[in-house]
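See below for the structure under consideration.
The values are calculated or read from the model by the stated rules, or taken from the named source; none is laboratory data. Please read all numbers here as calculations on a predicted model, not as lab measurements. A quick note on method: Cβ atoms are made from the backbone with ideal geometry, for glycine too, and the neighbour counts reach across all protein chains shown. Quick note on the areas: whole protein, heavy atoms, side chains included, nothing else; ligands and nucleic acids left out. Shrake-Rupley method; radii C 1.70, N 1.55, O 1.52, S 1.80 Å.
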Amino acid sequence: MTPSTPTPSDATAPRTTGDGNTPGAPGTAHASGPAPAPGPDGKPPRPRAPSTELAGVSAVVLGAAGGIGSACAVRLAACGAQVVAVDRDPAVRDLPGVVPVVGDATDPSLLARAYDSCAARPAVLVHALLAEARAPLSELDPQRWRDVLDLGLVSAWQWGAELVRRCAGPASIVLIGSVHAHGAAPGMAPYAVAKAGLTALARAAATEWGPAGVRCNVLEPGFVAVDRNAHRWRDPAERRRVLAAYPLGRLCVPEEIAEVAAFLAGPRSSYVNGVAVPVDGGALAVLPEANVP
């Protein structure tokens, strides 16, 4: 679950993407997702059948061109929601069955445009955005902190508050966090702080918005096999190192994260509010010394 050592270019500028998983190398994830990352049987998990549990509502998915974000958008659409898929990457237009909105999630005008694109009552928000500024703590400057926190944390509050203003009834907010909220990796402080902040935000939102019927929860993936970290899971030695940290002994794929996101978004989780749900194959359950050779 520890990211690869950053290169000098990693430390010079923030990077943004639509995934909420353990970060990998620089690069842009695309809506088509990565090549399959199969489990022990050599096959990716079988997706659930389409349903109608979210019929009649609109869902806004931020970071919908990334591996996790795109999987969430597709899954929510399969649950019957009208999905407004938001990302700065034009690849979001390639997603099937969604209304794409291209732009910067920190732009207030984009926020309004996305919610105005909802054909039904907006009742679901999935925030799958992150930003990185890789550098030692002593070398970070305030603007780089702001860039990471604005996209990875503050935007979650902004979009959630707008949902509450518009939804006029029960709604669900799903924030894609990370196991980095529970453990630090060198050079990744702003990312970890943003992800930990999502958990505090979910508790605050549950407290203040719960009386209006709005639930807010965090989903915390571990290492997920997506395009942006493919250099790790496609390399046999690095793949073995990653798998050693996860008791299930296989890679997670974005569709598995999307299944939990759909559960938290829908009526099956109607009394789940203000919690963080790890989806990490048991990684957080392992004592650190268990993985030391």
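Among the conditions (1) open to solvent by 20 Å² or more (accessible area, probe 1.4 Å); (2) touching a Leu at 6+ places or on another chain (Cβ under 7 Å); (3) modelled with pLDDT under 95, the only one that V74 does not satisfy is (3). Of the residues making up segment 186-237, those that are in contact (Cβ under 8 Å) with a residue 12 or more places away in the chain and of a type in the set (D, E) are E220, D227.
Looking only at segment 105-123, residues that are touching a Ser or Thr at 6+ places or on another chain (Cβ under 9 Å) and within 18 Å of V154 (Cα to Cα) come to 4 in all.
Rundown of residues vs (1) farther than 20 Å from A128 by Cβ; (2) assigned to a helix (DSSP H, G or I), yes/no style:
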{"site": "A206", "(1), (2)": "no, yes"}
{"site": "C216", "(1), (2)": "no, no"}
{"site": "N229", "(1), (2)": "no, yes"}
{"site": "R239", "(1), (2)": "yes, yes"}
{"site": "V242", "(1), (2)": "yes, yes"}
{"site": "E255", "(1), (2)": "no, yes"}
{"site": "V260", "(1), (2)": "no, yes"}
{"site": "P278", "(1), (2)": "no, no"}
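Across segment 23-44, a minimum of one residue is classified as surrounded by fewer than 20 Cβ atoms within 10 Å (Cβ to Cβ), within 21 Å of D227 (Cα to Cα), modelled with pLDDT under 95 and of a type in the set (S, T, Y). Per the conditions (1) under 20 Å from P108 (Cβ atoms); (2) open to solvent by less than 10 Å² (accessible area, probe 1.4 Å), the sole criterion not satisfied by A202 is (1). The set of residues from segment 214-246 being open to solvent by less than 30 Å² (accessible area, probe 1.4 Å) and more than 20 Å from the chain's Cα centre (by Cα) comprises just one member, A245.
Any chance you could count how many residues in segment 262-276 are free of Cβ contacts under 8 Å to residues at least 60 places away in the same chain and either surrounded by 21 or more Cβ atoms within 10 Å (Cβ to Cβ) or in a helix (DSSP H, G or I) (or both)? Counting residues in segment 262-276 that are free of Cβ contacts under 8 Å to residues at least 60 places away in the same chain and either surrounded by 21 or more Cβ atoms within 10 Å (Cβ to Cβ) or in a helix (DSSP H, G or I) (or both) gives 1.
Restricting the search to helices (runs of 4 or more DSSP H) fully inside segment 92-169 and requiring at least 2 residues that are under 19 Å from A73 (Cα atoms) and either open to solvent by 10 Å² or more (accessible area, probe 1.4 Å) or out of contact with any Lys or Arg (no Cβ under 9 Å at 6 or more places or on another chain) (or both) gives 108-116, 155-167. The requirement of being in contact with a strand residue (DSSP E or B) (Cβ under 8 Å, 6 or more places away or on another chain) and among the charged types (D, E, K, R) is satisfied by R228.
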